[in-house]
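Structure first, then comments.
Each reported figure results from applying straightforward, stated rules to the coordinates on display, with no laboratory input. On a predicted model such as this, the values are computed, not experimentally measured, just so you know. Quick reminder, even Gly has a Cβ in these numbers, built from the backbone with ideal geometry, and neighbours come from all protein chains shown.
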Amino acid sequence: MQPDKPDRLSLVTIALHWLVAVSMIGMLAIGVYMVETETYSLYSWHKSFGVLIITMVIMRVIWRIKNGWPVPVSQYKSIEQSLAKAMHWILIIGTVLMPVSGTLMSAFGGNGVDLFGLELVPRNPDPENPGKVLAHNGDIAAFCHAMHHWLGYIVIGAVLLHITGALKHHCLDKDATLKRMLGSRAHSG
Ligand code: HEM
Ligand code: HEM
């Protein structure tokens with residue numbers, strides 16, 4: 001597999017970036033929508049896609065560790081570079097912790113986790129309250145719930161800043177940052 005080069009990103013980097021980007025934006029939107037509108041029918045879909053996303057995220061993290069971060073296409077102000085780097089870290093950590101916290105919240109909370117109908121962690125029904133579940137560990141479930149909620153909003157903010165940065169590079173600086181992530185060769189300078 002070709003590694004990233006300063007003027008051209010590897011196909012693996014590009015494919016994993018867009019697969020994870022589309023999945024994460026979809027999951028953030030569905031997550032907020034289903035909670036705000038109490039659309040419980042979406043919960044099972046949200047969980048199943050979230051579990052699938054973990055595999056892509058693991059591949060991406062291994063690829064980043066092996067390959068390092070893409071180098072900027074040109075020399076930017078150090079504040080701009082630090083902000084971009086910080087966003088990349090928040091985004092990559094968020095893509096790991098969101099599905100992990102979601103899975104642990106559902107598993108320890110007794111609600112179970114399934115993958116499109118295949119039971120991965122069974123529900124834990126409360127025999128005295130039909131329709132309700134018993135938590136295996138309420139403290140861990142509550143901690144992971146809080147993490148899923150707050151980190152979700154932090155990641156939404158980081159994604160918005162990240163997209164703004166990508167558009168600034170493309171429309172104002174007129175450099176190849178966005179084009180390179182879309183597969184074009186960036187001419188140095
Ligand atoms: C891939 C990454 C994921 C993202 C980006 C994501 C995002 C979100 C967001 C933004 C919310 C709304 C939070 C709120 O307003 O309180 C949410 C809710 C929820 N997520 Fe996820 N999620 C992901 C994966 C998962 C996974 C893997 C599971 C479980 C297996 C899960 C289970 C849930 C549940 C049960 C809720 C509703 C919580 C409630 O009722 O308060 N999520 N998710
Ligand atoms: C429309 C949405 C998006 C656009 C236009 C976009 C654009 C870009 C661009 C142009 C780069 C290259 C930056 C550079 O060369 O320094 C990049 C890198 C990156 N983006 Fe996005 N992005 C989007 C969504 C997302 C989302 C939703 C996530 C994660 C939640 C994400 C995570 C990352 C990360 C971690 C990098 C660093 C390089 C890598 O690991 O592949 N992006 N993005």
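Which angle between 0 and 90 degrees, to the nearest 10, do you get for helix 43-67 versus the longest principal axis of the chain when only C-alpha atoms count?
The angle comes out near 40 degrees.
So if we plug the beta-carbon distance of N67 and H149 into 1/(1 + (r/R0)^6) with R0 = 41 Å, what FRET efficiency do we get, rounded to 0.05?
Result of the calculation: an efficiency of 0.80.
Could you work out the longest stretch of the chain that avoids the GluC sites (Glu not before Pro) located in DSSP loops with at most 11 other Cβ atoms within 10 Å?
Here the longest segment lacking exposed loop sites spans 39-127.
Tell me, how many Å apart are the Cα centres for segment 54-78 and for segment 93-163?
27 Å
I'd like the orientation of helix 138-167 relative to the chain: the angle between its Cα long axis and the longest Cα principal axis, in ° from 0 to 90, rounded to 10.
20 degrees
Sum up the charges of everything whose Cβ sits under 10 Å from the Cβ of V73, counting Lys and Arg as +1 and Asp and Glu as -1, but leave V73 out.
Taking every Cβ under 10 Å from that of V73, the sum is -1.
With point charges of +1 on the Cβ of Lys and Arg and -1 on the Cβ of Asp and Glu, referenced to the Cα centre of the chain, which listed residue (Y43, Y76, I92) lies farthest in the positive direction of the dipole?
Y76
Using a Cα-Cα cut-off of under 19 Å, which aspartates and glutamates could be cross-linked to K77, ignoring same-chain neighbours fewer than 8 residues away?
D173, D175
With all pairs of different alpha carbon atoms counted, what Kirkwood hydrodynamic radius in Å does the chain show?
Value: 18.4 Å, from the Cα pair sum.
Could you work out the local net charge near D175, counting Lys and Arg as +1, Asp and Glu as -1, over the other residues with Cβ closer than 15 Å to its Cβ?
Net local charge, D175 excluded: +4.
Students often get this wrong, so check it: of K5/K174; K47/K168; K66/K168; K85/K174; K5/K66, which have C-alpha atoms separated by over 23 Å?
Going by Cα-Cα distance, K47/K168; K66/K168 fall outside the 23 Å limit.
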